[in-house]
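Enquirer: Please see the structure below; I have some questions.
The values are calculated or read from the model by the stated rules, or taken from the named source; none is laboratory data. All values reported here derive from a predicted model rather than from experimental measurement. Here the Cβ positions follow ideal geometry from the backbone for every residue, glycine too, while neighbour counts run over all protein chains shown.
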Amino acid sequence: MKYNATVVLLLALLSLAQGCLPAPQEKITLHNSLVECFPDSGQAGSWTITDSLCIYRGKDLYLLLDGGADLFEEYGFLQVGSTVYTDELGVAVTVEVYEMTNPAAAFGIYSLLTVEGGVKIEIGQEATEGEYYIQVWKGRFLVTITARDADRWVKDPARELARAIERRLEGGSRKPDLAEFMSGADSTYQGIVYLRGGLGLANAWTFWYGNIVRLTEGVTGRSGSGNSLIVRYTDGEECARALDSALTELTGPQGFTLVSRADRDVVLHDKQGATVMFVPAGRVLLVAGARSQEEARRCIGELQIRVSRLQ
């Protein structure tokens, strides 16, 4: 299954009633920091909590997300709280606050969920607003606010609710250095997604064939008509083994043709003539996919200039 920006609505609508707290008629006092991230009725403009507040921890996430939990686990999931707020006009939104293992994990899932659209707004460390949702990243937290009826979305009140939640979240952090590297001031890359494994890679880059590069940390993005991937390993030997594994898979079951192999790069063509280029650089592997070898080399070239920063 592909997870893209449309998963925003699914994340909100797949909540189940297990593991829930009673729908509050008055303030609930619990020794649970995640519960405290949800403003009580009247603490976020005209919004009122109108459903049970559910907390899912660890494997209980599978009760909330049917088919999406494995992706969150790959990044590093701890717990999520979910409830419904309704405003004075009767507009209802589902609010979910995900606590991940660290800020990099939270940014990674945020970057994947927002890669396909929306506009950036100034809430938290980074936030994206779509036609019927808001996604917010702050520290190790991801906040999703999604209209329960896509035709009834109130932009300004929803932003007010997002800010009220964001103010209750702890701390902040810089983006992972791989994401900062690809999105630097001199970069042409867009649609940048920070990755923690094969599931994220498969959903962020359709020009790929599973986790054949043995990715545990990486970043991908688009530049022009090409896509690039940066994978970081523990050392150069692990990088070399991953490259050999990828070449075995591509030239075998996937039917790619090896065009050239040198110390500084490897070039392959698929059955339609598209190019995949690999460039090992110490413990970092640069990968580009494009319709032409020239475009793939341009994508790689932009990253090669600065890759020493990642060693």
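Enquirer: Looking only at strands (runs of 3 or more DSSP E) that fall completely inside the stretch 241-302, which ones have 1 or more residues that are of a type in the set (Ser, Thr, Tyr)?
Expert: Once the strands (runs of 3 or more DSSP E) in the stretch 241-302 are filtered for at least 1 residues that are of a type in the set (Ser, Thr, Tyr), what remains is 257-261, 275-281.
Enquirer: Checking Tyr98 against (1) more than 23 Å from Ser173 (Cβ to Cβ); (2) modelled with pLDDT of 95 or more, which test does it fail?
Expert: Tallying (1) more than 23 Å from Ser173 (Cβ to Cβ); (2) modelled with pLDDT of 95 or more, Tyr98 fails exactly one: (1).
Enquirer: Still on this structure, please answer the following. In this structure, does Val213 turn out to be crowded, with 21+ Cβ neighbours inside 10 Å, modelled with pLDDT of 90 or more and either among the small types (Gly, Ala, Ser) or in contact with an Asp or Glu (Cβ under 7 Å, 6 or more places away or on another chain) (or both)?
Expert: So Val213 fails the test.
Enquirer: Name every residue in the stretch 105-138 that is free of Cβ contacts under 8 Å to residues at least 60 places away in the same chain and surrounded by fewer than 19 Cβ atoms within 10 Å (Cβ to Cβ), in order of residue number.
Expert: Once the filter is applied, which keeps residues that are free of Cβ contacts under 8 Å to residues at least 60 places away in the same chain and surrounded by fewer than 19 Cβ atoms within 10 Å (Cβ to Cβ), the stretch 105-138 yields Val119, Lys120, Ile121, Glu122, Glu126, Glu131.
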